[in-house]
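Visitor: Before we start, here is the structure in question, set down as structure tokens.
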Amino acid sequence: MAEAKGEVAVRGSDEVMSEIESTRVNLANTIDALTERVSPGNVARQSLAEARELVSRPQVRMAAGAVAVVTVAVVALALWRRNK
């Protein structure tokens, strides 16, 4: 490490080894967390939870209902014209 006057601080090997071990543990924890976050099962569960939350919104339910009504009306009209 550099000191304020441009001198290099002297550290003991125990201190350096301790810092290396601490960094290794932190890196291992970060990798474990990332692995857990991107696992296919967790991604699927998170996506399903987000979809359920979205569908539970009143605006989405009303829009889906409107789309269903229009779809049924178009199919009924097409069948009615076909049978004429």
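Visitor: Using a Förster distance of 35 Å, how high is the FRET efficiency between VAL43 and GLU21, based on the Cβ-Cβ distance and rounded to 0.05?
Guide: Working: r = 32 Å, r/R0 = 0.92.
Approximately 0.60, to the nearest 0.05.
Visitor: Sticking with this one: Along Cα→Cβ, 7 Å out, is where each label goes; now give me the distance between the ones at GLU53 and GLU7 in nm to one decimal.
Guide: Taking the two extended label points, one gets 5.5 nm.
Visitor: Compare the Cα positions of VAL55, ALA33, THR71 along the charge dipole of segment 1-71 (+1 at Cβ of Lys, Arg; -1 at Cβ of Asp, Glu; about the Cα centre) and return the one farthest towards the positive end.
Guide: Result: THR71, furthest along the dipole toward the positive end.
Visitor: Additional query: Hey, what do the phi angles of segment 29-41 turn into as Karplus ³J(HN,Hα) couplings, whole Hz, using 6.51/-1.76/1.60 and θ = phi - 60°, x for Gly and Pro?
Guide: Karplus values, whole Hz, x for Gly and Pro: 5, 5, 5, 4, 5, 5, 4, 5, 5, 9, 5, x, x.
Visitor: Going by the alpha-carbon gyration tensor, a ≥ b ≥ c the square roots of its eigenvalues, is the chain rounded (a/c under 1.5) or, if a/c is not under 1.5, prolate (a/b greater than b/c) versus oblate?
Guide: Note, shape of the chain comes out prolate.
None of the figures in this text is laboratory data; all of them are computed from the coordinates on show. Computed from a prediction, not measured in an experiment: that's the story for all the values here. Neighbour counts run over all protein chains shown; Cβ positions are idealised from the backbone, glycine included.
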